[in-house]
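Visitor: The structure is given below, and queries will be raised subsequently.
Taken together, the values in this text are just the output of simple stated rules run on the coordinates, not laboratory data. Source: prediction; values computed, not measured. Heads up, the Cβs are rebuilt from the backbone with ideal geometry, glycines too, and the neighbour counts pull from every protein chain shown.
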Amino acid sequence: MRLPVVVSLGGLWVACIWWWIVGLSFMLATLVLIMLPILYPLAWCVEWLALAFKNSGDPVLPEYWKGYPDKYVDWCRTCIKLGFPTLRRWLMEGWHS
């Protein structure tokens with residue numbers, strides 16, 4: 001009984017919405033992956049100046065590279081797989097699970 005509803009919603013999701021979400025998420029993850037090394041010198045200078053005015057001995061950008069590039073590559077992989085597990089769960093288990 002739920003097969004026609006799930007198939008129609010799934011078709012609508014794939015045809016209209018899913019491609020936009022995946023495309024925008026993939027572009028954002030790729031942009032962050034590319035822009036982090038480019039923005040590092042600017043961010044380092046701004047942070048260094050802020051610490052200099054505070055007269056602080058803290059390290060400059062201590063965790064800037066934490067998770068780079070693995071975290072963003074995983075985001076790109078996740079963006080490609082986005083959407084289909086939900087449709088499968090709706091079809092196999094229903095909406096109340």
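Visitor: Six or more apart or on different chains, Cβ atoms under 9 Å: show the pairs whose first residue is in the stretch 5-18 and surrounded by fewer than 16 Cβ atoms within 10 Å (Cβ to Cβ) and whose second is not in a helix (DSSP H, G or I).
Guide: Going by the 9 Å Cβ cut-off, the qualifying pairs are VAL14/GLY83; ILE17/GLY83.
Visitor: Shifting gears a bit: Of all the residues that make up the stretch 1-59, how many are under 20 Å from ARG77 (Cα atoms) and either outside any helix (DSSP H, G or I) or not hydroxyl-bearing (Ser, Thr, Tyr) (or both)?
Guide: Restricting attention to the stretch 1-59, the residues satisfying the condition of being under 20 Å from ARG77 (Cα atoms) are 13-14, 17-36.
Narrowing the set further to residues that are either outside any helix (DSSP H, G or I) or not hydroxyl-bearing (Ser, Thr, Tyr) (or both) leaves 13-14, 17-24, 26-29, 31-36.
Matching residues across the stretch 1-59 total 20.
Visitor: On to the next question. Please determine whether any residue of the stretch 40-47 is more than 30 Å from GLU93 (Cβ to Cβ) and in contact (Cβ under 8 Å) with a residue 24 or more places away in the chain.
Guide: Taking the stretch 40-47 and keeping what is more than 30 Å from GLU93 (Cβ to Cβ), we get 40-47.
Next, only the ones that are in contact (Cβ under 8 Å) with a residue 24 or more places away in the chain stay: 40.
The answer is yes; a qualifying residue exists.
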